[in-house]
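Heads up, the thing below is written out as structure tokens.
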Amino acid sequence: MIGKSEIIFNEMSNIVGDGRARNDMFERRVYSHDLGSFPKLFDMMFNFKPDCIVKPESSDEISKIVKFASKERVAIIPRGGASWGMSGAIPIEGGIILDMTHMSNVLEIDGDNLIVTTEGGITWKDLYEKVEAKGYMIGSYPSSAPSATVAGWINTGGIGTGSYKYGGAGDNIRALEVVLPNGNIVNTGSKYTLQSGSGYDLNQIFVGAEGTLGVITKATLRIFPKDEFRPLSYLFPDLKTLSKAVQGLTRSDATPLNISFADNNHFGFLRELGHGDAPDGSMLNIALEGPEELIDYEEGVLDRITKGAKKESVELSMHEWDERSYELRAKRLGPSAILGEAFVPTTRMDEAIDHIYTLIKKMKLKAAITGMVPDRNSVVFMPYYLTDERKLIKSMVSLGFMGKLAGIGFKDGGRPSGLGLFFAYNLKKLHGGVAYGTMHDLKSSLDPCDIMNPGKLTEGQTRFGFPLPGAVLPLGMSVMKLVKGILPKDK
Amino acid sequence: MGYDVPNIEDLYACLSCGYCNSVCPTYGQVGWESRTPRGVIYYLKQLSQKNVFDTILRRGVKLDSQSAERLRECVFMCTSCGMCEEVCHVDIEFIEFWEDIKEWVIKTVGKTESQKKMYDRIKEFKNPFGEPAETRGAWLPEDIKLSETPEVIFFGGCTESYRMQKLAQASVKIMDKAGVELNILGEKEWCCGSPLLRLGQGDIVKSEFMAHNIKMVEETGAKTVVTACAGCFNTIKNDYPKVLGKLDIEVLHLSEYTKRLLDSGALKVNNPISQKVTYHDPCHLGRHAKVFEAPRDVINSLGAELVEMRRHGAEACCCGSGAGVKAAYKDMALDIGVGRVEEAVETGAELIISPCPFCVLNLNQAAEKAGLKIKTVDLVQIALGAL
Ligand SMILES: Cc1cc2nc3c(=O)[nH]c(=O)nc-3n(C[C@H](O)[C@H](O)[C@H](O)COP(=O)(O)OP(=O)(O)OC[C@H]3O[C@@H](n4cnc5c(N)ncnc54)[C@H](O)[C@@H]3O)c2cc1C
Ligand code: SF4
Ligand code: SF4
């Protein structure tokens, strides 16, 4: 008898032809994961393996694929660089993975109008290099730019390098081309001008949609004239003293391109890895961008605000900037690492630092804190903890850390960030019941058959169709946290 | 229990960030996650794992014949270029990593027919072409005086000895011009072992070939080995000591030696070249052996105007032909080469210079395939004309 995977594969081969679809077990397995790794136990609840993987090359092909999927009730999972830690790009009940990384052409760099139009599967690094070669720059991009795709970042609604000055994934979009769950291809914005006036802002519906509303195939983004650039690094005795400087900085008239930080533990891990020259302290990294006079002025402001801290050399500051995509070098020490993320208001940065360190201590973790300041009002903490997934209990406990961290976000007046498969149940808490209902309605009306990345965002569902109950996962996490508390300290 | 896969710590350390995917030249051609360092690592990690639950649930990854075939294909498509090592988030030393994995795949899945043939030929004839040992030194020009008490042994290597004799000839002519006391090993020279080491079949290289070649050099009394082949150079310089311990002889690539001869005044540039040229770093010489400056210094001394490609030095893209890929996946090797030649054309250079016979051959064939006029020449040829 010919199986589901085979039927889908044959259909896909008809649509895309020439070897751009695969369904052998080897391929299905290597596409059954992304950066977020689930404890193996979850294999029982989900079917992470796609039935078929397709490399589309045009919106029309995707439209045909989507129409087939909607007729046959097959899940579509758009996948970019698969670099997101929340398992957003993996199936929960099989289906078709669209590997979007082959739609990676830059279609137009229009310097006169300061816009770039690109296919959505290009990596941010490739895009900014191409834009830079023409004398312009991209406002902001995720620090995972070497692998993260344009459409992937938009779908996670992230913040990243450059966000302090140029905003997050949604802030530089002029227009998108999206294949909707019914196969229609929509253009969401206005290529040359900003979105304002009558009409829903369709651009923004797709920001943070986690692939649940459609497949982004093209994006027109704002670009900026390239100017002078200067990275600066300041070393503080600890994160709490660094926090004071961040408070001052966010209330000053300096507007750096980027502000990020890492604590003493992070650099301790780097030394443990053999980077003997890693500093002893907590580092505030700031990138300034603009005309020379402005940069000089802002550097003066920074020097005043960070008084008492050690200002690092030009070389070291440049090194820190060059390392901006390598925040997780220490993972090797685990060799597994669990990453968390929580947004808090700048005004409560100090409290959050205390809470995270307390959590780390209570759970006896080998952990470090890194983070960013995406705008004047928000700080995002990205702590990571080193563990060993081969040790079953230790690794199960890991989810407890992520759950509790999300809790800290809420407690300190903020929130967790991406949800993906891990935290889908948190959506209601994150936005409130009415907003959640509205999002749910939006999803149902655009995707009535629930074929677009099912199980993510608006409902966590297991392969047996049971909803992933909002209570069970957090409960499990609390239990794990308890277990971890009883175990000996990680070495 | 799961499979006994090597480099377990690396498999677990991998973050799955995917930085390696975007630089991998073979992924650039194949375009499937199965042909990425991240994908292979994930698969191998799954193979290595099997816990109690898997046994109870009869899950876990089994290497059925189709998957085994695909695994072997994906692993052996790797050119061992080392570009993934350059960008890896958790510092996996991929050049060695891939050798271990290839060896394990051969042990677990078996050799392909052509891998087996290559192994047998090298074992029997001491070269991958199955040529007789007696003709190994036949390329030597008659007018080159060999020294009974040489300072330098020129190691020809299989490709230059049997297939690209002009390069070997140019190499000794350059040294002869400088009055170097020189000799070759001739029929006593065996394959350096690179083709077997890079393909995970290095056992006889480690047990016989390395010691043999070094012994032959030592018997001549020479203190220096010079070779114009990037592959031989990297193998003798970096792989031999791993097995034999620190060598008592100095191993130099001809580009380094030529620079030395130019610096000391033993060589003079008589007919400077005035072309605009670009330089392609061979993986074995650049990323693997960290020789980036010497060949560039030589090119500058020759008078040429050197312009760099977008990716150069440690980031230089592979020509596409390494680790037996040219033989096993010819089209893919050429297509990678086409990308590299196009990058060279973008610089506006009239000529590509590279000090590796494999790069030279593949880039020229790639240019032909793509209908591009630019030629690639070996550094020794262009140097000989100018000196
Ligand atoms: C070292 C490191 C640093 C990071 N730094 C940052 C950072 O600074 N800021 C940040 O926000 N994140 C960061 N991340 C997380 C991650 O890299 C980003 O979220 C990234 O933007 C995801 O892009 P991707 O192409 O890998 O998406 P994927 O992981 O492939 O997918 C993410 C989500 O988008 C959906 N999707 C992908 N492509 C499409 C498409 N074409 N149409 C519709 N839906 C689609 C997927 O279904 C999934 O739900 C980092 C990760 C790592 C490993
Ligand atoms: S060595 Fe080169 S070809 Fe092999 S996996 Fe790494 S980047 Fe790809
Ligand atoms: S760059 Fe290194 S850590 Fe990242 S996916 Fe590749 S092998 Fe893994």
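Points worth noting:
- Estimated FRET transfer efficiency (A:Leu107, B:Lys123; beta-carbon r; R0 45 Å; 0.05): 0.25
- Tensor-based shape of the protein assembly as shown (alpha-carbon gyration tensor, a/c under 1.5 rounded, otherwise prolate or oblate): prolate
- Charge sum, other residues only, whose C-beta stays under 12 Å from B:Ala294's C-beta, Lys/Arg counted +1 and Asp/Glu -1: -1
- Amide H contacts of A:Val379 (H built 1.01 Å from N, under 5 Å, at least 5 apart or other chain): A:Val344, A:Thr346
- Accessible area per residue in Å² at 1.4 Å probe, computed on the stretch B:125-261: 39 Å²
- Carbon/sulfur fraction of accessible area - chain B, other protein chains in place, 1.4 Å, %: 50 percent
- Magnitude of the charge dipole, chain A, Cβ model with Lys/Arg +1 and Asp/Glu -1, debye to 20: 2100 debye
- A protection proxy built from the mean count of other Cβ atoms within 10 Å ranks the segments B:375-387, B:152-164, most packed first, as B:152-164, B:375-387.
- Once A binds B, the 1.4 Å probe can no longer reach about 3700 Å² of accessible area, counting both sides.
- Nearest-0.05 FRET efficiency for A:Ser313 and A:Lys244, computed from C-beta distance (R0 25 Å): 0.60
- Global form of the stretch A:4-101, assessed from the alpha-carbon gyration tensor, a/c cut-off 1.5: prolate
- Anisotropy class of chain A from Cα gyration tensor, a/c 1.5 cut: oblate
- Taking amide H atoms as placed 1.01 Å from N in the peptide plane, the amide H of B:Cys88 has no partner under 5 Å among residues 5 or more positions away or on other chains.
- Computed on chain A, with alpha-carbon pairs under 8 angstrom and 6+ residues apart, the relative contact order is 15 percent.
- Each peptide in A:365-377, B:251-263, A:207-219 receives the mean, over its residues, of other Cβ atoms within 10 Å, and ordering these scores from highest gives A:207-219, B:251-263, A:365-377.
- Annotation: peptides A:76-87, A:319-330, ranked by per-residue average of other Cβ atoms within 10 Å with the highest first, follow the order A:76-87, A:319-330.
- Pairs of Cα atoms nearer than 8 Å and 6+ residues apart set the relative contact order; for chain B it is 16 percent.
- Chain A, helix-only ellipticity at 222 nm - DSSP H runs n ≥ 4, -39,500 (n - 2.57), divided by all residues, nearest 500: -10500 deg cm²/dmol
- Here the relative contact order of the stretch A:4-101, from alpha carbon pairs under 8 Å that lie six or more residues apart, stands at 34 percent.
- Averaged over the residues of peptide A:329-342, the number of Cβ atoms from other protein chains lying within 10 Å of each residue's Cβ is 3.
- Only the Cβ atoms of Lys and Arg (+1) and of Asp and Glu (-1) were treated as charged; on that basis the dipole of the protein assembly as shown about its Cα centre amounts to roughly 2640 debye.
- Linear extension gain, A:Lys134 paired with A:Asn187, 0.36 nm per residue minus alpha-carbon span: 16.5 nm
- Close amide H partners of A:Ala337, meaning residues 5 or more places away or on another chain with modelled amide H under 5 Å apart, are A:Thr387.
- The stretch A:228-234 - phi-based ³J(HN,Hα) in whole Hz, Karplus 6.51/-1.76/1.60, Gly and Pro as x: 5, 9, 8, x, 9, 10, 10
- Accessible-area composition of chain A, carbon plus sulfur, in percent [1.4 Å probe]: 54 percent
- When the residues A:Thr346, B:Thr112 are ordered by accessible surface, computed with a 1.4 Å probe over the protein chains alone, the sequence from largest down reads B:Thr112, A:Thr346.
- For A:143-153, mean number of other protein chain Cβ atoms within 10 Å: 3
- With R₀ fixed at 25 Å, the C-beta to C-beta distance from B:Arg311 to B:Ser274 puts the FRET efficiency at about 0.45.
The values are calculated or read from the model by the stated rules, or taken from the named source; none is laboratory data. A quick note: this is a predicted structure, and the numbers were derived from the prediction, not measured. Cβ: placed from backbone, ideal geometry, glycine included. Neighbour counts: every protein chain shown. When the accessible area is computed, the model is the full protein with side chains, heavy atoms only, and any ligands, DNA or RNA have been set aside. Shrake-Rupley method; radii C 1.70, N 1.55, O 1.52, S 1.80 Å.
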